[in-house]
Amino acid sequence: MRILAVTTLRNEAPFIVEWVAHMRAIGVTDLLVYTNDCDDGTDALLAVLAKHGILHHIIQDVPQGVSPQWQALKAAWRHPLRKACDWAVACDLDEFINVHLGAGSLHDLIAAVPDQTDAIAMPWRLFGNAGIDRFEDRPVTLQFQHSIPSETIFPIAATFFKTLFKPAGPFNGFGVHRPKQKDAAKHPQPYWSVYDLPQNITLLGQMPNRMSLIGMADGTRLVECNHYSLRSAQSFLMKQIRGLPNRSSKPIDLAYWVQRNFNTEHNPSIDRSAEARMAEMDRLLQLEDVAQAHQAGVVHHQTRIAQILAHYESYELYCNILLAAEGRALLDNQARELFQIYQHLQPVE
């Protein structure tokens, strides 16, 4: 079985090896990585990994005003790797698929859903900074193990999801959160496997027409997508400078931090796949030139963070982040009221 993961990134050199190791450890066989405008050693590290056959790396030339992520997703749909795979997922470098079955592999997940499944919705779980202020060269999955509760429906980002799907199904393109569907008038609707959360089902558009509600393992969702959108406070400053891959106009500011910094629950569930992930990470770092390229990226980030903090506006944001209280999950009735109002005020992505 061939499983393809597609990602778009810019200036994320310190985090690449762990993410690649995780994806390979959970069963991804092919990695298609698109980059643009990198100056932190990202391209150099990816070139080394590509030389060793670990992934496929494509440097994009993105015209002014064009979304780097959407350009990459369109190109990825035309790529031979997409045409050869059995399952595919578009996943960012701060998103770690977390399967709560068996050894934590995608094979365990796929075996647990009905055979007719075309797509599997993987709910986001927002992870906070765990009180870590400084950028450290340690695995993200070990540093940040506190998250928002699984049943949270507000802020709205807590209800988003990523999708593992069969490209041979009724789809005609990658999407940021779910694949693009073919014309419903000419093609059958896809069969979705979705964790039983009503607030997520409302976001799935036409999916409930052909859908199974996948069960639970030991009282836990079968799969989630751990979203480490903040990491440390200093890494967040780097994210602000880098910007979002698909929405360059959206500010990355104190409000963005507050809406995602939830450390409500100790959540080490991704440790299920830790042994395989760390073994693969060690193996990658043993490959020629990989450790050196990784370290160069770490040094660049350390230097750049010091430069950013030398500017008043960035230092003020950093101080406000440290002063801001952690996000708290709202009471159910209040959360549902805010969720419903938000849906009317702003379209859900």
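The values are calculated or read from the model by the stated rules, or taken from the named source; none is laboratory data. None of the values given here were measured: they were computed from a predicted structure. FYI the Cβ positions are ideal-geometry reconstructions off the backbone, even for glycines, and counts take in every protein chain you see. Side chains are part of the model used for accessible areas, which takes the heavy atoms of the whole protein and leaves out ligands, DNA and RNA. Shrake-Rupley method; radii C 1.70, N 1.55, O 1.52, S 1.80 Å.
Give me the 1.4 Å probe accessible area per residue for the chain, excluding ligands and nucleic acids, in Å². List each step's numbers first, then the result.
Values: 15020 Å² over 349 residues.
For the chain, the per-residue accessible area is 43 Å².
Of the DSSP beta bridges with both residues in the chain, give the percent that are antiparallel, rounding to the nearest 5. It would help to have the intermediate numbers written out before the result.
Working: 19 of 42 bridges.
If we restrict to bridges inside the chain, about 45 percent are antiparallel.
Fully extended, how many nm does the chain gain between Tyr315 and Glu265 (0.36 nm per residue separation, minus their Cα-Cα distance)?
Working: separation 50, 0.36 × 50 = 18.00 nm, distance 2.91 nm.
Fully extending the segment from Tyr315 to Glu265 adds 15.1 nm.
Pick out, in residue order, every one of the trypsin sites (Lys or Arg not before Pro) in the range 1-39 that is DSSP loop and has at most 13 other C-beta atoms within 10 Å; say none if there are none. Let's see the in-between values first.
Numbers: sites: Arg2, Arg10, Arg24; in loops: Arg2, Arg10.
Passing sites in the range 1-39 are Arg2.
Report the one residue of Val28, Ile97, Met122 whose Cα lies farthest in the direction of the positive end of the charge dipole of the range 1-122 (charges on C-beta: Lys and Arg +1, Asp and Glu -1; origin at the Cα centre).
After comparing all options, I get Val28.
Would you work out what percent of the accessible area of the chain, with all protein chains in place, is carbon or sulfur (probe 1.4 Å)?
Details: 7630 of 15020 Å².
The nonpolar share, carbon plus sulfur, comes to 51 percent.
Using only the alpha-carbon atoms of the range 1-147 as identical scatterers, what base-10 log of I(q)/I(0) does the Debye formula give at q = 0.09, 0.11, 0.16 Å⁻¹?
-0.31, -0.46, -0.98
Beyond 29 Å, what share of the Cα-Cα pairs of the chain remains, rounded to the nearest whole percent? Walk me through the numbers before you get to the answer.
Values: 23015 of 60726 pairs.
In whole percent, the long-distance tail amounts to 38.
Using the Cα centre as the reference, give the magnitude of the dipole from point charges on the C-beta atoms of the chain (Lys, Arg: +1; Asp, Glu: -1; all else neutral), rounded to the nearest 20 debye.
Values: 31 positive and 37 negative charges, 210 e Å.
In total the dipole reaches around 1000 debye.
Using a Cα-Cα cut-off of under 19 Å, which aspartates and glutamates could be cross-linked to Lys186, ignoring same-chain neighbours fewer than 8 residues away?
Filter leaves Asp118.
Give, as a single signed number, the net charge of other residues whose beta carbon lies under 12 Å from the beta carbon of Ala168, with Lys and Arg counted +1 and Asp and Glu -1. Before the final figure, lay out the partial values.
Working: positive: Arg2, Arg82, Lys83, Lys166, Lys182; negative: Asp86, Asp118.
Every neighbour counted, the sum reads +3.
Only four residue types carry charge here, +1 at the Cβ of Lys and Arg and -1 at the Cβ of Asp and Glu. Report the dipole size of the range 3-62 about the Cα centre in Debye, rounded to the nearest 20.
Working: 3 positive and 8 negative charges, 59 e Å.
For this selection, approximately 280 debye.
Please state the relative contact order of the chain as a whole percent: Cα pairs under 8 Å, 6+ residues apart? Mind showing how you got there, number by number?
Details: 632 pairs, mean separation 85.7, N = 349.
Relative contact order of the chain: 25 percent.
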